[in-house]
Every structure is written in C-alpha cells, then in structure tokens.
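The values are calculated or read from the model by the stated rules, or taken from the named source; none is laboratory data. Nothing here was measured: the structure is a model prediction, and the numbers come from that model. Cβ coordinates were reconstructed from backbone atoms using ideal geometry, including for glycine residues, and neighbour counts include every protein chain displayed. Areas reflect the complete protein model, heavy atoms only, side chains present, ligands, DNA and RNA absent. Shrake-Rupley method; radii C 1.70, N 1.55, O 1.52, S 1.80 Å.
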Amino acid sequence: MKRITIKELLAHSADYVDKTVDVKGWVRTRRGNKNVQFVALNDGSTINNLQIVFDLSKTPEEALKPITTGSSIHVRGKLVASAGKGQSVEVQADNFEIYGTASPETYPLQKKGHTLEFLREIAHLRPRTNTFGAVLRIRHALAFAIHNFFNDKGFYYFHTPLITASDCEGAGAQFQVTTLPLDQLPRTEDGAVDYREDFFGKMASLTVSGQLEGELGATALGNIYTFGPTFRAENSNTPRHLSEFWMIEPEMAFYEIEDNMDLAEEFIKYCIGYALEHCADDIRFLNDHFDKELIDRLHFVLKNDFVRLPYTEGVKILEESGKKFEFPVYWGVDLASEHERYLVEEHFKRPVILTDYPKEIKAFYMKMNDDGKTVRAMDVLFPKIGEIIGGSQREEDFDKLSKRIEELGLTGMDWYLDTRRYGSVPHSGFGLGFERLVLFVTGMQNIRDVIPFPRYPKNCEY
Ligand code: 4AD
Ligand code: MG
C-alpha cells in the first residue's frame, strides 16, 4: 500500500475515514495504560501529529517497548473518528514495523521545551522539533512565493555566478577562493602573491551579490531576478547577520526609483500574504509559543502603506527625538539598526523606505542626484528587523559611472561598463535578504534559527 502523508490525511480525512491507511513517521510521544497505548506520530509534512491507537489486547505491550520518542515507524490501520480531545481522527493500528529506534538514554530531543540556544548546538537534529519544522516549512513556502511572484510578472530567473572576480558592494568582506598552497605561495618578483598560478589565473572570491551580473541580464531580458546564496566575511556576530545567506535580487530595465519602491512593497506584501494563507498552522504555532503579536504584525504590514522618506529627513527626526542612542546620529552617518528601528517602531510605527542617502555610505553604482551629494538609494526598514531590503536606481551615464569607479580605485569593471557603453538604459533593482524575510514572517529572534545550517564567524558545523 502507498504511504499517505499526515498532511494529506488530515486535510482530506473524510475521504479516508473507515479505510485502511499506511502512515510512516517519527514518534513524538507514547503514553497510555494497560489497555491502550497512544502514539503521537509526526512525518514532517505538517506541524500536526496523527494519533495512533494500539489496543493491547491485540498487540502485546512488550512489542511496543522500542517505540520511544524519536523512533521511526510504519503503521497500517483503520482511520476512524476520534472520541478523544485534541484530534478529529486517529488510526487504530492493525500492524506496525519499526524502522529505527532512538535510545532514550542518548537521543537529545527528549523533553519538551528545549531552549533555542541548546537546539543551535544540535542543529543537525533540530529540524525534528515542532519549532524548526514550522520555520523550515515557512521558509520553503516563502521561496516558492518568490518564484511565483516574479514568474507571474514575467520576470526571468537569471543565474549569476557564485565564484567571481568582482566585488559588487565594495565592502571588502569577501571569502577568497583559491587552490594555491597556503604554506608555499607563489610570488611575483616584487613579492606579491602570484595569482596567475591560481586556479582561475586571477584572484577570485565567493560572491557578495549577483547584482552586477544581474544588470547584464536586465539590459538583455528586460526584467530578471536572481535567487541564490551570497557570502560575506564580515565579522558580524549579530542576530541579523550570517556569513552565508540567500538573496533575491530583481533588476529591471526602464525602472526609476519610484517603480523600484512600488515593486519592493508589492513583492514583500505578496510574500507575507502567501505565508499567511499557506502556512496558517505553522504561523499560529509560532505565534502561540514565541511571539504573541506575530500574526497581528503580519496583517498590520499588509494593511498599511510603507512610509517613503529621504534619509536627510530621517536623520532630522532622529536628531530631534531626544532619544539616547548607543551610536551617535548625524547627517552622513551610516544608520545603525537602533536608528532604523526607532524610525519604524517608535516614530512611524510602520515600515519605512528611506531614500537618497549620502553617496559616501553607498555603493559606487547608485545614480547620483542633482545635489551631487546624495544617491538614489532605497532601504526598506522593517519592525524588529531594521534593513530588510537594500536597492537603488543605477547610474546609467557612462561618464559619471566611470568617473566614480575611478575615484574609488575599482579595477576590472570594463565588462560592467559595457552595459553603459552600449544601449544604456535607466534601470533599478534591489536585494532582499531571504533570511531577514523568514525572520520577520516567523517572528524568530535570531537569524541563525531560520536557516537549516547557519554559517557565522567561528562556526562551520555540518
Ligand atoms: O544592502 P545590501 O548589501 O545590497 C546589495 O547587496 C545590493 N547589491 C542589492 C541590490 O541592489 N541588488 O544587501 C541586500 C540585503 C540587505 O538589505 C539585507 O536584508 C541582506 O541583504 N543582508 C544580509 N542578510 C544576512 N546576513 C548578512 N550578513 C547580510 N548582509 C546583507
Ligand atoms: Mg544595505
């Protein structure tokens, strides 16, 4: 017989009642008395468990002994309406087989309510908990929603390289990729490392962003998006930074900054709405167990327009707030998360898109405003998160862009400048940090808890 997932069984239970079904999964708990034993079975397809009932007049209790928390079993039995509280249906076991036991002496996921810190230390097993099951299913749904959104709008999924010889954000926080022997580096005559001998014949790194290559896609296909891993070697031990994270970067030909903001707002609302609709059980669980305001917050963001405000005005509000910030705030400063969150959570009480930042704190490719001081940047700031999206209109003028590249001493950009040399167009784009979106939708507090295998300074397990 074919295995039925618990999700399918519970969603269409009326179709299966009084029929024999085959279910397979992992045991969450076993309890009961001398006459009857109940197993809560979970197969990962849903947060909901299926109750399996063993009649001890048919099954000797001794045979059930190996069925402990974490063991894996196959049960065949009849699905019946349940008289008990907490479930509408249950399976009356006719026979069962045990795939694998999980010794109660050593299996780490015994009692309920492990701390998230403890679970981070056993990240290879934590997907088996209710919390991480919920987070990972929501993560999947959001990834699916993102592809849906762009596909429906006629955007093309464009694959940009993970290994690159360029530095998009210019922050100097790249992981180098090399096959050179580190204890015996080849040197040029003047003593520098001789990268001509390296695998690619030049210095290469893991990408910090697919944007520059994405712009090549947009100036050919019109509207594209990337969705892939990015890597940053910044030594940031914060609840919002990972060394390896996933980013979505749409890039649109003929979009000005206003179009870019409209798209960003529509996009993020679509994703949140999709999760609310398709992950109701998982979001409800996280709401009840971790963050009682989660569902309200998600609906609130859906219902309200984002505030759109120039950086200069944002700084004025912060300066006049009278609030004691840990980091000083003045025109020209790169805002810290506490500043961003003040604007969003205390001042406007809704998401804010901050625009027109000083050119010194933004990347070289952003379009210069007429004031010569600010660039057409846009950061989307979210409650609890701070910056969730960073983007801009791009400088399409060849002369201005090449001058800026020269000023900053960037090299190897000739291929990029070809987009401005040949058939240059106004265009814009942005990057959404996928894990920051998952953080917001799940209400989790730490970005390390919304990716299966987090990478951060001094941690590279599994
Ligand atoms: O603001 P960032 O650095 O922008 C770019 O990389 C542009 N090339 C995007 C573009 O215009 N196409 O990064 C974009 C987003 C941030 O807003 C943040 O959500 C996320 O990526 N992000 C990180 N997420 C987790 N860990 C980190 N270390 C992150 N750094 C950035
Ligand atoms: Mg940014």
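For the stretch 263-292, give me each residue that is in a loop (DSSP other than H, G, I, E, B), in contact with a helix residue (DSSP H, G or I) (Cβ under 8 Å, 6 or more places away or on another chain) and open to solvent by 30 Å² or more (accessible area, probe 1.4 Å).
290
Show the residue pairs meeting these rules: Cβ distance below 6 Å; 6+ apart or different chains; first residue within the stretch 64-77 and closer than 16 Å to residue 91 by Cα; second residue open to solvent by 30 Å² or more (accessible area, probe 1.4 Å) and aliphatic (A, V, I, L, M).
Every condition considered, the pairs that remain are 73/98.
Can you tell which of 182, 276, 263 is at pLDDT 95 or above, more than 20 Å from residue 435 (Cα to Cα) and either touching a His at 6+ places or on another chain (Cβ under 8 Å) or more than 10 Å from ligand 1 (Cβ to nearest atom) (or both)?
Answer to the check: 182.
Evaluate the stretch 353-369: report whether one residue or more is more than 16 Å from ligand 2 (Cβ to nearest atom), open to solvent by less than 50 Å² (accessible area, probe 1.4 Å), at pLDDT below 95 and over 28 Å from the mean Cα position of the chain (by Cα).
Scanning the stretch 353-369, I find no residue that is more than 16 Å from ligand 2 (Cβ to nearest atom), open to solvent by less than 50 Å² (accessible area, probe 1.4 Å), at pLDDT below 95 and over 28 Å from the mean Cα position of the chain (by Cα), so the answer is no.
Here's a check for you: in the stretch 383-395, which residue that is more than 9 Å from ligand 1 (Cβ to nearest atom) and within 29 Å of residue 304 (Cα to Cα) is most open to solvent (accessible area, probe 1.4 Å)?
Only one residue fits best here, namely 384.
How many residues, within the stretch 410-439, are within 16 Å of ligand 2 (Cβ to nearest atom) and open to solvent by less than 30 Å² (accessible area, probe 1.4 Å)?
The number of residues fulfilling the criteria is 10.
Among the residues of the stretch 167-194, which ones are in contact (Cβ under 8 Å) with a residue 12 or more places away in the chain and more than 30 Å from residue 266 (Cβ to Cβ)? Spell out how you get there, then give the answer.
Initial filter on the stretch 167-194 (in contact (Cβ under 8 Å) with a residue 12 or more places away in the chain): 167-171, 173-180, 193.
Matches in the stretch 167-194: 167, 173, 174, 175, 176, 177, 178, 179, 180, 193.
Does residue 219 satisfy the condition of being at pLDDT below 95, open to solvent by 20 Å² or more (accessible area, probe 1.4 Å), of a type in the set (S, T, N, Q) and away from ligand 2 (no atom under 16 Å from the Cβ)? Spell out the reasoning first.
Working: at pLDDT below 95: no; open to solvent by 20 Å² or more (accessible area, probe 1.4 Å): yes; of a type in the set (S, T, N, Q): yes; away from ligand 2 (no atom under 16 Å from the Cβ): yes.
Here the answer is no, as residue 219 does not meet what is asked.
Within the stretch 227-242, which residues are polar (S, T, N, Q), open to solvent by 10 Å² or more (accessible area, probe 1.4 Å) and either within 16 Å of ligand 2 (Cβ to nearest atom) or touching a Leu at 6+ places or on another chain (Cβ under 7 Å) (or both)?
236, 238
Could you tell me whether the stretch 398-412 includes any residue that is of a type outside the set (A, V, I, L, M) and within 10 Å of ligand 1 (Cβ to nearest atom)?
no
Scan the stretch 239-257 and give yes if some residue there is in a helix (DSSP H, G or I) and farther than 24 Å from residue 130 by Cβ, otherwise no.
yes
Would you say residue 373 is more than 16 Å from ligand 2 (Cβ to nearest atom), modelled with pLDDT of 95 or more, open to solvent by 10 Å² or more (accessible area, probe 1.4 Å) and more than 20 Å from residue 249 (Cβ to Cβ)?
On the way: more than 16 Å from ligand 2 (Cβ to nearest atom): yes; modelled with pLDDT of 95 or more: yes; open to solvent by 10 Å² or more (accessible area, probe 1.4 Å): yes; more than 20 Å from residue 249 (Cβ to Cβ): yes.
Judged against the criteria, residue 373 is a match.
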